[in-house]
Amino acid sequence: MKHDFNELRLDGVTRRFAGAGGHAFAALNGLTLTIQRGEFIALLGPSGCGKSTALNCIAGLMQLSDGSIWLDQTRIDTLPPEKRGFGMVFQNYALFPHMSVAKNIGFGLKMRGVADSEIATRVAHALKLVQLTGQEHKLPGQLSGGQQQRVAIARAIVIEPPLVLMDEPLSNLDAKLRIETRAEIRRIHRELGRSTVYVTHDQDEALSLADRIVVMKDGVVQQIAAPSDVYAQPANLHVARFMGYRNVVDLAIEAQSGDRVTVTGPDIRLTGMRKQPLAGGRAFVAMRPEELALGEGPGATNTIAGRIENVEYCGRDSLVDVVTASGTLLHVRATGTPVLGSMVSVHVPVERVLIYPHE
Amino acid sequence: MPGAQRAPFDRALLLVVPAAAFMLLLFIYPFLYGLALSFNPKEGGAMANYAHFFTTDNLWPTIWTTLRLAIPATIINVGLALPIAFKMRVKSRYQRFATTLLVVPITLGTVLIAEGMLTYFGPKGWLSQFLQFTHLYDGSIRLTHNYWGVLISLVISGFPFAFLLILSYITGIDPVLARAASTLGADPRSQFRHIYFPLLLPGLAMCFCLSFVQAFSVFPSAVLLGRRRARRA
């Protein structure tokens, strides 16, 4: 397998499983994506969204039911995993318990028939890259979780694969280690310039690591975009909810001009930006807690009156629940000292009110 | 875990005291007593009994015959059980069915197997009648009341045991390891050689020993199937 490529193309990749009652259901449905050389792609979604299925299809650990995978002009979805030569990092590390750290890392090279002296050099280099020099003779069981994960990363990259696949590599680590190892993964990716496909259910991981994020739900791609776009401009309500738009309110459409839409409820009147064509008389409004603020806005637009029903102190700010007279609950991240039970106004800028159609 | 705190004494452990006392009184004490007795013969020095055992000619044929049966039987059992169990390591409906089928002989005692074999493998048994009927083999077949009868019975009774033991060792190995090896360039053969086999080795050794011990104590099979039955008057 050649080590450099220009693009990896997934063309309508589909994987069906036999479900209950003999019905086949598609765990992954028509994934089409082109990955450029050196790109870091995150597959993001809740569990069962098909992201791991996609990764296993790319790795060759799972057969495709439909579609094809191409490495430049070579079709690779018919090849077994050992012929594809992609490095993979597993969620539970999958280190070989009977082999030392050095043997684990050198395994892929040994399978390729690389000379022992060269294996030693390359393993030493990989150990240095993941900052584990001096641990080469230990068994995986003698290492901490974070160290084991770094061995797994070293093992996957030492074969210099055209593509590195990572299946939730940080989910078994504690919070502090997760952030450290995340930075490590980003650094290694930058130093090696290899393409990486990274599966995660954690939006922070996807946002901080990826060049592009593929948001998935129920086996179907919802949005493929740069992190800043997925964060600020979710393509649909599913993506919005997943990206932390916790305030979703069902309101009636009052007026539309271009993408600017005004929606109303009994005691709410909001103007926001339409993200998808609207149909019917009602629409969903999605807003992030951190983009709502307590107090009057400039002019009276997008100001909602309510009462503080709950305050969670979070250090830098507080998470405040504001309930309007008709009972609509809004989550607001507020600085200062919100007083429980007091009447307040909440305002939000027009461009941060996103409006989506009913499904 | 290295550096883990020592667990405080669990009082529930006291529940093993009766069982331990039972073992101590009825197994370990008599065993040690017997062992001590063996070094105190009526005449001669401490090793006289052992010297007698290893120098008396009429004991060697017995030991030799037993080894000649137990070693091949163990090799066949473990050698068959390993590939079959390996093939069946992935859980499926088919696996459960086949496992049940393979384990049935364990529920039969040696005597039942022996009686069944006499009917099936005997000179007028189904197998010989079938072979002669289809002319696959016309010579006379003798598979009971000799070495082969005992060996077949040892395989029938010993195989399920070896199979179950190896299956439990194999299913204890995380299949993700083989998948990781495959992404690193290992074909199925190398996956077995470098991942499954080394991880199975302690289990295989254990299985080999236990199968051997089981086959070594073949007296009932030897008597029932190895020797000609006395003519009933």
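Looking across region B:185-220, the residues that are under 23 Å from residue B:151 (Cβ atoms), in contact with a Phe, Trp or Tyr (Cβ under 9 Å, 6 or more places away or on another chain) and crowded, with 20+ Cβ neighbours inside 10 Å come down to B:207, B:211. In summary, strands (runs of 3 or more DSSP E) completely within region A:253-299 and bearing 2 or more residues that are within 26 Å of the chain's Cα centre (by Cα) occur at A:269-274, A:282-287.
When restricted to residues that are at positive phi, buried (at least 21 other Cβ atoms within 10 Å of the Cβ) and touching a strand residue (DSSP E or B) at 6+ places or on another chain (Cβ under 8 Å), region A:46-75 contains 1. Within the set B:34, B:44, the sole residue that is over 29 Å from residue B:207 (Cα atoms) and either in contact with a Gly (Cβ under 6 Å, 6 or more places away or on another chain) or small (Gly, Ala, Ser) (or both) turns out to be B:44. Scanning region A:304-348 for residues being surrounded by fewer than 16 Cβ atoms within 10 Å (Cβ to Cβ) and among the acidic types (Asp, Glu) gives a total of 2.
Residues that are farther than 18 Å from residue A:335 by Cα and either crowded, with 20+ Cβ neighbours inside 10 Å or modelled with pLDDT of 90 or more (or both) within region A:284-303 comprise A:284, A:285, A:286, A:302, listed in sequence order. If you check residue B:41 against the conditions, is it modelled with pLDDT of 80 or more, outside any helix (DSSP H, G or I) and out of contact with any strand residue (DSSP E or B) (no Cβ under 9 Å at 6 or more places or on another chain)? It is true that residue B:41 is modelled with pLDDT of 80 or more, outside any helix (DSSP H, G or I) and out of contact with any strand residue (DSSP E or B) (no Cβ under 9 Å at 6 or more places or on another chain). Between B:100, B:134, B:107, B:144, the distinction of being surrounded by 14 or more Cβ atoms within 10 Å (Cβ to Cβ) and either among the aliphatic types (A, V, I, L, M) or more than 14 Å from chain A (Cβ to nearest Cβ) (or both) belongs to B:144 only. Please tell me if residue A:170 is away from chain B (no Cβ under 14 Å), in contact with an Asp or Glu (Cβ under 7 Å, 6 or more places away or on another chain), of a type in the set (A, V, I, L, M) and not in a loop (DSSP other than H, G, I, E, B). Against the criterion (away from chain B (no Cβ under 14 Å), in contact with an Asp or Glu (Cβ under 7 Å, 6 or more places away or on another chain), of a type in the set (A, V, I, L, M) and not in a loop (DSSP other than H, G, I, E, B)), residue A:170 does not qualify. The number of residues in region A:139-167 that are within 11 Å of chain B (Cβ to nearest Cβ) and of a type in the set (Asp, Glu) comes to 1. Taking the criterion of being assigned to a helix (DSSP H, G or I) and either closer than 15 Å to residue A:161 by Cβ or in contact with a Ser or Thr (Cβ under 7 Å, 6 or more places away or on another chain) (or both), the residues of region A:109-123 that qualify are A:109, A:111, A:122. Condition test on residue B:87, is it under 30 Å from residue A:99 (Cβ atoms), away from chain A (no Cβ under 14 Å) and without any contact (Cβ under 8 Å) to a residue 60 or more places away in the chain? So residue B:87 fits the description; yes. Considered as a group, the residues in region B:186-200 that are in contact with a helix residue (DSSP H, G or I) (Cβ under 8 Å, 6 or more places away or on another chain) and either hydroxyl-bearing (Ser, Thr, Tyr) or closer than 14 Å to residue A:103 by Cβ (or both) include one that is farthest from the other protein chains (Cβ to nearest Cβ), and that residue is B:196. Of the residues contained in region A:221-230, none is found to be within 24 Å of residue A:329 (Cα to Cα) and surrounded by 15 or more Cβ atoms within 10 Å (Cβ to Cβ). Being within 28 Å of residue B:201 (Cβ to Cβ) and of a type outside the set (S, T, N, Q) holds for only one residue in B:104, B:111, B:78, and it is B:78. Restricting attention to region A:301-320, the residues that are outside any strand (DSSP E or B) and of a type outside the set (D, E, K, R) add up to 4.
Highlighted here are the helices (runs of 4 or more DSSP H) found entirely within region B:140-216 that include at least 2 residues which are closer than 17 Å to residue B:105 by Cα: B:147-171, B:197-216.
The values are calculated or read from the model by the stated rules, or taken from the named source; none is laboratory data. All values derive from a computational prediction rather than experimental measurement. Backbone-built Cβ (ideal geometry, glycine too); neighbour counts: all protein chains shown.
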